[in-house]
Amino acid sequence: MTEQLVDSYDAVGFDLDGVVYRGPYAVPGAPQVLAELRRQAIKVGFVTNNAQRPPQTVADHLESLGIACRVEDVVTSAQATARLMADQLPAQAEVLIVGSPALADEIALVGLRPAFQRSPQTAAIVIGYDPEQRWANFNEAAYAVQAGARYFACNNDQTRPTEFGVAVGMGGMLAAMTRALPGLEPTMGGKPARALLDQTALRFDAQRMVFVGDRLDTDVEGAVRAEMDSLFVFSGSHGKADLAQAGPLWRPTWIGADLAALLAPPRRVRLESDQALCGAARARLTPSGLALESVPADREGQLDALWAVLQLLWVEADAGRPRPVAAVLDRLDLVP
Ligand SMILES: [Mg+2]
């Protein structure tokens, strides 16, 4: 049997938007790939930084796209943050919720006491994405923190993709808090903090998990921080130019066009002194930069070429020798 990338793992964690679905539609082939992973008895978990939607809503959404999903297959940043808070606060501590009812439910499930009003007993505050929140609620959170309450947040995503364009993410509201109270940083449960992926691995009793994502600043960094391998896919937010800029925290273990790469042979690079080989592609250092021997005509070949280019580029960047690559990346026109 042909070797598959996933053969080295017993569990796969998936980011959702840009990986499993894009807005209202499944990424083409995603339901089939997920069904095949389960047929091979590989554990599958769906991981979301969105703290607004309850796990059951996420599971129902996936089911509506033709992807089998039980509620326990979903791990949210609200769950991860609640678990983190339970580990750091006394049992039954009162927590001021600046977020959705789903977040309050998770806080109650871990044995803390959710409240929607600040009180002298407020031991901590937690902020989670919820577009219904009023400005006054952030003021209440700020007062509580100044009075000594611990400060937690579910995620720091700067933006949220929508059908109309980019929307203001959770990170914007956290930035407003930091502007008001300089030096104040929340303890974070969601990606890129490691709690969410750590808890995913724990939930699925995974010995070796690979995490699949479309963003370098949340998905790949989250995996790196959780000391987990990652597969970066091109079906969502980031692309080749972002990879070319990536420092060590943003470099995935693998790249693939989409999640079907899990079932394909792993893309391996052979690095030699001044060149990198991947599949039939060869990238080499030149006196002024970096060049490709030839440009493959198909997308998988171009991904091989990109992977070879990136490995050389990253070695050079880490050695303090940045190389211009924009012209080389432009030639790989089948890769976003
Ligand atoms: Mg995503």
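For segment 229-265, a tally of residues being without any contact (Cβ under 8 Å) to a residue 40 or more places away in the chain and either aromatic (Phe, Trp, Tyr) or surrounded by 21 or more Cβ atoms within 10 Å (Cβ to Cβ) (or both) returns 5.
Residue-by-condition table, conditions (1) within 16 Å of the ligand (Cβ to nearest atom); (2) out of contact with any Pro (no Cβ under 8 Å at 6 or more places or on another chain); (3) basic (Lys, Arg):
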position	(1), (2), (3)
Gln4	no, no, no
Val12	yes, yes, no
Arg39	no, yes, yes
Ala51	yes, yes, no
Arg83	no, yes, yes
Leu96	no, yes, no
Ala104	no, no, no
Ala108	no, no, no
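Is it fair to say Ala223 is under 23 Å from Glu72 (Cβ atoms) and small (Gly, Ala, Ser)? When the stated conditions are applied, Ala223 passes them.
Give the number of residues within segment 247-269 that are among the aliphatic types (A, V, I, L, M) and within 15 Å of the chain's Cα centre (by Cα). Total meeting the criteria: 3. Looking at segment 22-38 only, could you name the residues that are charged (D, E, K, R), touching a strand residue (DSSP E or B) at 6+ places or on another chain (Cβ under 7 Å) and not in a helix (DSSP H, G or I)? Within segment 22-38, no residue meets the criteria. When segment 181-198 is filtered for residues that are surrounded by 14 or more Cβ atoms within 10 Å (Cβ to Cβ) and small (Gly, Ala, Ser), the ones remaining, listed by number, are Gly189, Gly190, Ala193, Ala195.
Only one of the numbered conditions (1) modelled with pLDDT of 95 or more; (2) within 13 Å of the ligand (Cβ to nearest atom) is violated by Gly18, and that is (1).
Of everything in segment 151-175 that is aliphatic (A, V, I, L, M) and at pLDDT below 95, the residue that is farthest from the ligand (Cβ to nearest atom) is Met173. Looking only at residues in segment 138-183 that are without any contact (Cβ under 8 Å) to a residue 60 or more places away in the chain and of a type in the set (Ser, Thr, Tyr), the one that is nearest to Ala78 (Cα to Cα) is Tyr151.
Would you call Ala80 modelled with pLDDT under 95, among the aliphatic types (A, V, I, L, M) and either farther than 18 Å from Ala264 by Cα or in a strand (DSSP E or B) (or both)? No; evaluated as a whole, the condition is false for this residue.
Set side by side, the residues Ala223, Ala241 differ, and just one is more than 14 Å from the chain's Cα centre (by Cα) and in a helix (DSSP H, G or I), which is Ala241. Looking across Gln52, Gln121, one residue alone is touching a Gly at 6+ places or on another chain (Cβ under 9 Å) and not acidic (Asp, Glu). It is Gln52. Mind checking whether some residue in segment 208-221 is away from the ligand (no atom under 14 Å from the Cβ), of a type in the set (A, V, I, L, M, F, W, C) and in contact with an Asp or Glu (Cβ under 7 Å, 6 or more places away or on another chain)? Checking segment 208-221: at least one residue is away from the ligand (no atom under 14 Å from the Cβ), of a type in the set (A, V, I, L, M, F, W, C) and in contact with an Asp or Glu (Cβ under 7 Å, 6 or more places away or on another chain). For Gly23, the requirement of being within 19 Å of Ala223 (Cα to Cα), within 16 Å of the ligand (Cβ to nearest atom) and not assigned by TED's automatic domain parsing to the domain that holds Pro101 is not met.
When the test is whether a residue is under 25 Å from Ser237 (Cα atoms), touching a helix residue (DSSP H, G or I) at 6+ places or on another chain (Cβ under 7 Å) and not in a loop (DSSP other than H, G, I, E, B), Val19 does not pass it. The listed residues are Ala41, Ala35, Ala68, and the only one of them that is over 18 Å from the mean Cα position of the chain (by Cα), outside the structural domain of Leu216 (by TED's automatic domain parsing) and either under 20 Å from Arg208 (Cα atoms) or of a type in the set (A, V, I, L, M) (or both) turns out to be Ala68. The condition of being closer than 21 Å to Ala195 by Cβ, in the same structural domain as Leu184 (by TED's automatic domain parsing) and assigned to a strand (DSSP E or B) holds for Ala124.
The values are calculated or read from the model by the stated rules, or taken from the named source; none is laboratory data. Owing to the predicted nature of the structure, the values given are computational and were not obtained by experimental measurement. Here the Cβ is made from the backbone with ideal geometry for all residues, glycine too, and neighbour counts use every protein chain on show.
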